Ligand code: NAD
């Protein structure tokens with residue numbers, strides 16, 4: 001699609017939005033129902049695309065994408081009437097004869113740009129919020145997971161009037177063309193480097209943005225008890241989608257005397273989950289493409305591989321791999337891993353961990369395994385991250401009542417459930433005052449009135 005065609009699409013969407021068709025709540029519900037039905041109808045196509053892109057097992061396809069999108073849609077349909085209802089706000093006595101409220105206006109034209117690792121969820125979950133808030137939307141899925149991108153385009157074409165919601169597929173070139181247009185809101189999921197490009201482009205038009213980015217999410221293991229269960233929860237969160245998850249535990253920080261025990265438990269769990277040869281497991285994914293495969297195999301050269309380390313470029317396979325003896329100076333500790341390689345670093349006391357976390361960029365998630373409530377409180381209060389999950393991995397993002405988003409380098413803004421609706425709505429302050437009575441106190445001439453004002457405001 002060239003720039004002239006993109007401009008035409010935007011013009012049509014602007015006209016559609018200005019016609020007011022997206023405003024009635026009933027219309028928003030119809031749009032959400034339509035998306036839901038289309039996803040259910042095309043569930044097999046979605047699973048199939050995810051299998052082609054990642055060899056993703058059906059269970060993970062449903063749990064991480066199809067199910068979570070349907071859950072978001074169901075919640076929006078159920079709660080949208082209360083979300084759009086004006087929020088009554090108290091008004092101070094000095095503003096007597098006035099009423100205050102917050103109302104939610106849609107922004108208008110929204111651009112959603114997705115990342116490749118959970119292609120459906122990262123395009124369609126924000127879309128649910130954008131529809132619920134009453135916007136017109138252009139979705140640009142990632143070109144990297146190309147099979148999924150095609151199915152997203154098909155689902156959206158089947159579900160909506162293209163003037164309302166439309167997919168524009170493509171890579172960097174299309175993304176650049178889209179970003180050069182004026183949108184009313186941009187919702188971006190991807191890496192920090194591209195996030196900065198998005199913000200720069202948005203700044204030209206003062207377009208507000210949400211940036212859902214990544215980073216290195218640490219996983220701290222502090223207690224000797226329950227190491228088998230701890231390993232189970234870490235292995236699940238790390239190796240789901242072969243580690244290609246923005247909130248995957250990026251590396252483990254383990255108390256020195258627990259290291260060997262933890263490694264044994266991690267090895268046992270990997271074998272229990274994926275068998276002695278994970279290459280033969282139906283439940284273990286592949287790396288998305290050769291570029292990422294090459295990037296990951298380079299990262300594996302850091303430290304010492306103590307488990308796994310098997311690769312097959314032809315089939316984009318990298319086995320679940322544990323690495324020790326890495327230092328903070330190694331390449332693997334300087335960039336987000338985003339693959340099935342798990343470095344393990346030891347610490348002597350928790351102060352070292354907290355000091356290190358404060359020096360690092362703020363991550364999207366922190367995982368902490370301990371039953372020590374004092375330590376839990378310290379990590380809650382003394383460290384900054386998009387989210388914190390205690391004694392589990394990833395699960396905090398599955399509760400739609402919690403906001404999902406980063407902080408600092410891991411992102412700006414939040415979504416899921418009601419937070420998505422808020423993100424895609426402008427919260428407008430409205431005050432309505434009656435004509436009478438109309439006291440003279442605030443009008444000039446001010447003589448003698450300052451005293452009275454100070455009395456009222458105390
Ligand atoms: P990416 O930044 O390369 O791409 C994201 C989107 O930006 C794609 O649609 C792509 O086409 C577009 N894009 C790429 N280069 C561009 C450029 N130069 N100019 C304009 N647009 C461009 O990210 P990715 O590789 O798809 O995803 C991996 C990253 O995303 C990781 O860092 C991961 O942590 C992060 N991520 C974050 C979340 C989250 O919810 N916070 C979820 C998934 C992935």
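Just so it is clear, none of the values below were taken in a lab; they were calculated from the coordinates. Being a predicted model, the structure only gives us computed values, none of them experimental. Every residue, glycine as well, gets a Cβ built from its backbone with ideal geometry; the counts of neighbours run over all protein chains shown.
Overview of values
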item	result
Residue check, residue 276 more than 16 Å from the ligand (Cβ to nearest atom), out of contact with any strand residue (DSSP E or B) (no Cβ under 8 Å at 6 or more places or on another chain) and assigned to a loop (DSSP other than H, G, I, E, B)	yes
Subset of the range 152-169 [within 11 Å of the ligand (Cβ to nearest atom) and crowded, with 17+ Cβ neighbours inside 10 Å]	168
Which numbered condition residue 375 fails, given (1) in contact (Cβ under 8 Å) with a residue 60 or more places away in the chain; (2) more than 18 Å from residue 216 (Cβ to Cβ); (3) within 16 Å of the ligand (Cβ to nearest atom)	(3)
Helices (runs of 4 or more DSSP H) contained entirely in the range 1-100, each with at least 3 residues that are under 25 Å from the mean Cα position of the chain (by Cα) and over 20 Å from residue 420 (Cβ atoms)	43-54, 58-61
Search result, residues across the range 138-151 that are assigned to a loop (DSSP other than H, G, I, E, B) and surrounded by fewer than 22 Cβ atoms within 10 Å (Cβ to Cβ)	143, 144
